[in-house]
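J.: First the structure, which I've put down as structure tokens, then a few questions once you've had a look.
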Amino acid sequence: MKEITLKNLMAQLTAEKETTVKLLDIIAKAGLRATGNNQTGGGSGGSGTSTKYDPNGYCWSHGYKVSKNHNSATCKTRKPGHQEGATRNNIMGGCEDNKHWKPKS
């Protein structure tokens, strides 16, 4: 009985991981459009609070200070063991580089 329960849990976990990766991809693509449409002054100048880094971003292979278009699902230079579903809230044992980085305000 325990084996069947474990098998079911593993299947559910796999399905949830696939859903998470798909959602992260959708969010990343939506973020690209939102960033492009919300810039003022043609993308230069502005209030000085703009940054190329995503203050909420995370990549399993590269840590917390990643560009707005970069996350665990979109990463193209993955380290061995890379987890596509890793996020800032669940790093899945990934990189902790720049953990306390905050954008300049």
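J.: Less than 28 Å apart at the alpha-carbon level, and either on another chain or at least 8 residues along: which lysines does that give for Lys68?
T.: Lys17, Lys22, Lys29, Lys52, Lys76, Lys79, Lys99, Lys102, Lys104
J.: If you take the charge dipole of region 49-105 about its Cα centre, with +1 on Lys and Arg Cβ and -1 on Asp and Glu Cβ, which of Gly94, Gln83, Asn56 is farthest toward its positive end?
T.: Asn56
J.: Is any residue of region 91-105 close enough, with backbone N under 16 Å, to a label point placed 7 angstrom from the Cα of Thr51 along the Cα-Cβ axis, and if so, which?
T.: Of the residues in region 91-105, 97-105 have backbone N under 16 Å from the label point off Thr51.
J.: Starting from the Cα of Asn69, step 7 Å along the direction of its Cβ; do the same at Ile27; then give the gap between the two resulting points in nm.
T.: Here the answer is 1.9 nm between the modelled labels.
Each value in this text was obtained by applying a stated rule to the coordinates, not by laboratory testing. Remember, it's a predicted structure, so these values are computed and weren't measured experimentally. Positions of Cβ are generated from backbone atoms using ideal geometry, with glycine treated the same way; all protein chains shown enter the neighbour counts.
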